[in-house]
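What follows is a short report on a single structure.
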Amino acid sequence: MNPAQSGRPPLRVLIVDDSVFNRRSLAEIFSANGAIEVVGKAADGEEALRLVNALRPDAITLDLEMPRMDGFTFLRILMSKLPTPVVVVSSYSQKDNVFKALELGAFDFVAKPDRLGDPDLGGIARELMQKILLAGSVRLSSQRTAPLPVESVRGKPEPGPASSPHRVVAIASSTGGPSALIEIFSRLPKNYPHGVVIAQHMPDKFTRTFAERLDRRSELSVAEAQDRDVVGAGTGFVCPGRQCMDLETDVRGVLRLRVGQPTEQDRYVPSADRLLTSVARVAGPRAVGVILTGMGDDGVLGAQAILSGGGTVIAESELTAVVYGMPGSAVRSGAVTHVLPLPEIAGYLARL
């Protein structure tokens, strides 16, 4: 139900963007929804911090490139002083900056065209309103209040031929997932004997950049998956956006990925259910499913398949999940072996 119809007060939003045109366009988008009230606009991080202290908004939209104080500095100060859900509004050309912002504590992001008046504004508007309403409903106890460090791990040697993994770890995640995945991957040790495959709900223009960021932060060799990639020990693969991914065994017994277009049966794209189910089919008791933060119930059917095949399923605890939809659905389905907060998930996978 629309919060305006339910009698709840509207969500109070602060818009932070150095462009007058963008601030006006965002305010017009939100004004069309009675559940959202724009309580302030700021042209840079310094002004935004003053308005946050004065207005205490429920959620913030944030541009990253601004004069005087940029979005990164603003995020560092905000999350240390007054943690507030932030949705980054950034252009497609600023992909790496988006992930840096997520590591600093931003809730989620929306990719915008170069100008908010472009023809695809309708799709951007719907996505932005959905994410800002979700951000405003997040309990601060569920938010990551200690930003992740952003420095890269030391350089890795070029990977040699992949050996067969002892286990296959299949991870499902959505809203809040990028930061959670970076925390997990930064904890996995050298010579990790398992392979990791990921279905993260994310636009197609961002999955390669995200995989590259995981690769820089991890001892594993991580890449955006391509059709027929070999899943070996110490490797990680992110399913490309707008596509789905399955694990299969070739005639020589080598584990390979099939990457292709979604089918009518795929409710989410990338589909965690489809990936986890294929891992259950191929790896059996050597399959480890992980359901991290995110909206909806993607991954539940895959978790059931892994559990039925003798594998292990871990769901992120409500204590750390930014959005408890996906892990909560898995827990309620009874298809979970362990329910753990994010740091313990990282430790569990590191010790496998």
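The values are calculated or read from the model by the stated rules, or taken from the named source; none is laboratory data. The model shown is predicted, which means the values in this text are computed figures rather than measured ones. Ideal geometry is used to build each Cβ from the backbone, glycine not excepted, and the neighbour counts take in all protein chains shown.
Structural remarks
- Single match in Ala287, Ala315, Ala330, Ala305 (criterion: modelled with pLDDT of 95 or more, among the small types (Gly, Ala, Ser), surrounded by 20 or more Cβ atoms within 10 Å (Cβ to Cβ) and in contact with a His (Cβ under 8 Å, 6 or more places away or on another chain)): Ala315
- Among the residues of segment 269-287, those identified as touching a strand residue (DSSP E or B) at 6+ places or on another chain (Cβ under 6 Å) and farther than 22 Å from Val322 by Cα are Arg274, Leu275, Ser278, Val279, Ala280, Val282, Ala283, Ala287.
Every residue, every condition in (1) over 14 Å from Ala225 (Cβ atoms); (2) at pLDDT 95 or above; (3) in the same structural domain as Gly234 (by TED's automatic domain parsing), yes or no:
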{"site": "Gly160", "(1), (2), (3)": "yes, no, no"}
{"site": "Ser163", "(1), (2), (3)": "yes, no, no"}
{"site": "Ala172", "(1), (2), (3)": "yes, yes, yes"}
{"site": "Ser179", "(1), (2), (3)": "yes, no, yes"}
{"site": "Ser186", "(1), (2), (3)": "yes, yes, yes"}
{"site": "Pro189", "(1), (2), (3)": "yes, yes, yes"}
{"site": "Lys205", "(1), (2), (3)": "yes, no, yes"}
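- Of the helices (runs of 4 or more DSSP H) lying entirely inside segment 26-105, the ones with 3 or more residues being modelled with pLDDT of 95 or more are found at 45-55, 71-81.
- Qualifying residue in segment 318-327 (condition: buried (at least 21 other Cβ atoms within 10 Å of the Cβ), of a type in the set (S, T, N, Q) and touching a residue at least 12 places away in the same chain (Cβ under 8 Å)): yes
- Scanning segment 33-72 for residues that are over 25 Å from the mean Cα position of the chain (by Cα) and β-branched (Val, Ile, Thr), we see that the one that is nearest to Ala125 (Cα to Cα) is Val38.
- Total residues in segment 50-71, condition free of Cβ contacts under 8 Å to residues at least 60 places away in the same chain and either in contact with a Lys or Arg (Cβ under 6 Å, 6 or more places away or on another chain) or crowded, with 20+ Cβ neighbours inside 10 Å (or both): 8
- Every listed requirement among (1) charged (D, E, K, R); (2) more than 24 Å from Ala350 (Cα to Cα); (3) buried (at least 19 other Cβ atoms within 10 Å of the Cβ) is met by Arg213 save one, (2).
- Pro240 buried (at least 16 other Cβ atoms within 10 Å of the Cβ), free of Cβ contacts under 8 Å to residues at least 60 places away in the same chain and touching a strand residue (DSSP E or B) at 6+ places or on another chain (Cβ under 8 Å): yes
- Check on Arg23, basic (Lys, Arg) and surrounded by fewer than 19 Cβ atoms within 10 Å (Cβ to Cβ): no
- Annotation for segment 253-267: no member residue is over 21 Å from the mean Cα position of the chain (by Cα) and surrounded by 24 or more Cβ atoms within 10 Å (Cβ to Cβ).
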